[in-house]
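Worksheet: one structure, shown below.
Any read-out appearing in this document is the output of simple, stated calculations on the displayed coordinates, not a laboratory observation. In this text the structure is predicted, and so the values were computed from the model without any measurement. Cβ sites come from the backbone with ideal geometry, for glycine too, and all protein chains shown count toward neighbours.
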Amino acid sequence: MTLVEFWFMLIAVVWTGFFVLEGFDFGVGMLHGVLGGDEAGRRAAINTIGPLWDGNEVWLIVAGAAMFAAFPGWYATMFSGLYLALVLLLGALMARGISFEYRGKHDSAAWRRTWDGLMTGGSLVVPLLIGVALGDLLHGLPIDASGEYTGSFWTLLQPYGLFTGITLVAICVTHGATFIALKTEGEIHERALALARRAAPVTGLVVLGFVVWTHAIAGKGFLPNPVEIAAVLAVFAAAWLTREDREGWAFTATTIAMAAATASIFTELYPRVMVSSTNPAFDLTIHNTASGSYALKVMTIVVAIFLPVVLAYTAWTYYVFRRRLTSGEFRPKQTG
Amino acid sequence: MTLDLARWQFALTSINHFLFVPVTIGLAFLTALLQTAWHRKGQPEYLRLTRFFGTLLVINVAVGVVTGLVQEFEFGMNWSAYSRLVGDIFGAPLAMEGLIAFFLESTFLGLWIFGWDRLSRRVHLLTIWAVAAGTMASAAFIMAANSWMQHPVGYTISKTTGRPQLSDIWAVLTNPVFLWGYLHVLLASLVTAAAVMLAVSAWQLRRRGPDSFGFSLRLSLAVLVPAIILAMFVGSELGVIEARYQPMKIAAAEAQWKTCQPCSFSLFQIGGGNNDHTPTQILEIPHLLSLLATNSWNGKVIGLSPLQAQYQRKYGPGYYVPNVFIQYWAMRAMAYSAGLIVLLGLWGLWLIRRGKIVTSRLFLTAAVWAVILPFVMNTAGWLLTESGRQPWIVQGIQLTRAGVSPSVSFTELVISMVIFGLLYTGLGVVDAVLMLRYSRRELGPGPAQAEDADAPLPSMLY
């Protein structure tokens, strides 16, 4: 494997890591109102990801920065081409990020309702827009010979891109529901499982459609690749496991489904990074957008040293906060 | 027009971002100091202060993080030609920042906030130090990237693509502009957070009497005074280095059109600006500019006009003088705010020595209002650095006007400007309200109130 190929794979892994980890945060953000029941329940739901979501979001920053560093041509065309979509994405990320920290900082129902709304909306819009963006990479955008995007905002909203976004949102919902089921006890746990039971089969159909469409667009032969098959199998496995009340395994299944769905976009994309709908000769590839080999070598060393460290303390964090939460502990204490 | 808007957007978003950054860097460090004091001495007061200022830190971090996200996206969104040209070098420190610093900072901040009752006291203390280390590491990487734009080193121009390519990472990480600039930023961050802690403590002492915030007041002064004095020395050394690599920047900071030797520094001027080459400079301090720009009593500073002629010979026709008005006044805004902070700090130390600090209402009032000074100082310092680099986006390699995204239209920039404007205003208001509200709260209960001093402390849940 060459350095350039390694960095494409690494970026795909980072995006996958982002969706696996932040995916359940999005799910919790979307579902905390539905599953919480009351204020104590909503707080319990949010606190399942309280210590985790901020670190999970760093995967997005690292994905962007790694694209910038390893494939500047990709980063430049994608970020300037998807301009308005990214403005909306940033708005949603800001609203959502702030809402976690600020909703509990002032004791008023209207204040909390406002932040809850922003949290729910933001958690829906972010995976939707990133899905549109990733779908567009594979489906193709008007890109000219000098690698510049030549379309408008509306060119970005293609059916496949939108469906990619919807697929990711659907997996986030199921993934978030299995996560809450795993991390709570009592009524909220039951409600999360019930929702996962209903959401998982629907998500399964959506993922099936997505995989078929992705494979058709990429045009790499008739047989689906193993990652795509894994995505479909995992999400139907999750549907079955939630019926059996095996939330731990169900969460494992939604994790695999999320990882495989994200990875299938990148496996079909390779070795391209952005498909040009203007002319296949103008496709951006890992080769015509990459940094020099010295820069890649330096960063490879940095990754080899620090990624294991990051994974180790992230795993430790999940271990520290392994305890299940209940709505009860967020109810005001009775006096006497 | 597109260029101007893109520049305004970057300037406004980064100035806004840097209101929060130094508070985060400095306050993480000060909170860690407070918690260490508690760990060592076991005084319940110190724990209550740790949690009080830690809450302010958390409120501040939230905005710093989301505004930082905008910064990272903006390179590609508005400056795609720049990103395409220099991503090979500029992208590497950004990627390292994410991997090495942001993960550390975010993960351990989560552990700190939620881990009070899950971790042993020693490990919990380590988490806040990890946060402080993460914030300082992130400043290192972004300063390495920025310093490369001021003084590009460690690269070769690729024969095939014509783009600069990283050839020596060590040179990038030992760039003198980076080493001195990074130190300068760290010290300025300590000054900023110490001034915030000082202002909050002073307000509390004035309002509630001298029982609770005396320790944080003394701690903030003990950090503030050495930090601001060192920051000024490091800043002056940075000025000498920048004068070597970016002579325009320093000449413009004194509106020095003609070459001088020795050169004086004016306290203010009448007229001046970009077209008036002979402003009336008032209260000139002889030899000071020579000292600031060259470290020698009789040093020569080449004027803007000869520099312009020299740059035209080197880079072709064009106007290479930065905005002189901004340079001149940013320099003074920065230096004068720093001077006032020094005076306030020395006044405070003198009062501590006389044992009157917590009762001097005049000092406490002044200390509250002085909180504005470090923010003026930081903003002016960045204007001096960044506006002084113009018309270059990377000194000598790419002009700012060549770095802008070719595919982004004027309308798109207007839309993003409006959306960011609304978001940042809303964010600013909410953040200001919460910061003020939480700064004015009484100290929370400490563990001494509980019957069992070793009982686990409640975590700071959402």
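Sort out for me the Cα centre separation of the range B:50-86 from the range A:15-33, rounded to whole Å.
The two parts, judged by their Cα centres, are 21 Å apart.
Quick one: B:Arg353, A:Arg112, fewest Cβ neighbours within 10 Å first, how do they rank?
B:Arg353, A:Arg112
Helix A:72-81 sits at what angle to the longest principal axis of chain A, using alpha carbons and giving 0 to 90 degrees rounded to 10?
Once rounded, the angle reads 70 degrees.
What ranking do B:Phe233, A:Phe24, A:Phe251 get, fewest neighbouring Cβ atoms within 10 angstrom at the top?
B:Phe233, A:Phe251, A:Phe24
With point charges of +1 on the Cβ of Lys and Arg and -1 on the Cβ of Asp and Glu, referenced to the Cα centre of chain B, which listed residue (B:Val21, B:Ser439, B:Gln312) lies farthest in the positive direction of the dipole?
B:Ser439
Residue separation times 0.36 nm, minus the C-alpha to C-alpha distance between B:Thr280 and B:Ile15: what's the value?
92.3 nm
So how long is each side of the range A:19-295 along the principal axes, counting just the alpha-carbon atoms, biggest first, in Å?
Extents along the principal axes, in whole Å: 58, 43, 38.
Put +1 on the Cβ of each Lys and Arg and -1 on the Cβ of each Asp and Glu in the protein assembly as shown; which of B:Ala231, A:Ala216, B:Tyr462 then has its Cα farthest toward the positive end of the dipole?
Value computed over the given set: B:Ala231.
Treating the Cα atoms of the protein assembly as shown as identical point scatterers in vacuum, please give the log10 of the normalised Debye intensity I(q)/I(0) at q = 0.06, 0.08, 0.09, 0.10 Å⁻¹, two decimals.
Treating every Cα as an identical point scatterer, log10 I(q)/I(0) equals -0.40, -0.71, -0.89, -1.09.
If I model a spin label as a point 7 Å beyond the Cα along the Cα-Cβ vector, how far apart are those points for B:Ile270 and B:Asp168 in nm?
Taking the simple label geometry, B:Ile270 and B:Asp168 are separated by 5.1 nm.
When the convex hull of the C-alpha atoms of chain B is computed, what volume per residue in Å³ does it have?
Considering the Cα atoms of chain B, their hull volume per residue is 160 Å³.
Quick one: if the Förster radius is 35 Å, what FRET efficiency do A:Thr326 and B:Trp8 give, using the C-beta to C-beta distance and rounding to 0.05?
The formula returns an efficiency of 0.10 here.
Please compute the Cα-Cα pair-distance distribution of the range A:92-207 with 10 Å bins starting at 0, giving whole percents from short to long.
Distribution as computed: 13, 28, 33, 17, 7, 1 percent.
If you check each cysteine of the protein assembly as shown for another cysteine whose beta-carbon is under 4.7 Å away, which ones come up empty?
A:Cys172
Which of the residue pairs B:Lys249/B:Lys300; A:Lys220/B:Lys159; B:Lys258/B:Lys314; A:Lys297/B:Lys159 have a Cα-Cα distance greater than 25 Å in the structure shown?
A:Lys220/B:Lys159
Considering chain A as a Gaussian network with a 10 Å cut-off on Cα pairs, which listed residue, A:Ala281, A:Ala239, A:Ala70, attains the greatest mean-square fluctuation?
Among A:Ala281, A:Ala239, A:Ala70, the largest GNM mean-square fluctuation belongs to A:Ala281.
Taking the 0 to 90 degree range and rounding to the nearest ten, how far is the long axis of helix B:410-439 tilted relative to the main principal axis of chain B, both from C-alpha atoms?
Helix B:410-439 sits at roughly 30 degrees to that axis.
From the residues A:Met30, A:Leu162, A:Phe68, which one has its Cα farthest along the dipole of the range A:19-295 in the positive direction, the dipole being from +1 and -1 charges on Cβ of Lys/Arg and Asp/Glu about the Cα centre?
A:Met30
In whole Å, what is the distance between the alpha-carbon centres of the range B:322-346 and the range A:208-240?
Measuring centre to centre over Cα atoms gives 62 Å.
Just want the ordering: A:Ile46, B:Ile229, from fewest to most Cβ atoms lying within 10 Å of their own Cβ.
Starting with the residue having the fewest Cβ neighbours, the order is B:Ile229, A:Ile46.
Which value, in debye to the nearest 20, gives the size of the charge dipole of the range A:184-238 about its Cα centre, when Lys and Arg are +1 and Asp and Glu are -1 at the Cβ?
That gives the range A:184-238 a dipole magnitude of about 220 debye.
Restricting attention to the alpha-carbon atoms of the range A:1-42, what are Rg (one decimal) and Dmax (integer), both in Å?
Expressed in Å, the Cα Rg and Dmax of the range A:1-42 come to 17.1, 54.
Only Lys, Arg, Asp and Glu count, each charged at its Cβ (+1, +1, -1, -1), so figure out the dipole size of the protein assembly as shown about its Cα centre, rounded to 20 debye.
Rounded to the nearest 20 debye, it is 1820 debye.
Where a ≥ b ≥ c are the square roots of the eigenvalues of the C-alpha gyration tensor, would you call the range A:13-109 rounded, which needs a/c under 1.5, or, failing that, prolate if a/b is larger than b/c, or oblate?
Verdict is prolate for the range A:13-109.
Compute the relative contact order of the range B:331-462 as a whole-number percentage, counting only Cα pairs closer than 8 Å that sit 6 or more residues apart in sequence.
19 percent.
With +1 on the Cβ of every Lys and Arg and -1 on the Cβ of every Asp and Glu, and nothing else charged, how large is the dipole of chain B about its Cα centre, in debye rounded to the nearest 20?
Computed charge dipole of chain B: roughly 800 debye.
Can you compute log10 of I(q)/I(0) for the range B:137-243 with the Debye formula, treating each Cα as one identical point scatterer, at q = 0.10, 0.14, 0.18 Å⁻¹?
With no solvent term, the Cα-only Debye profile gives -0.44, -0.67, -0.87.
Distance from a point 7 Å along Cα→Cβ of A:Asp107 to each backbone N in the range A:297-336: keep the residues under 13 Å and list them by number.
Correct set: A:332-333.
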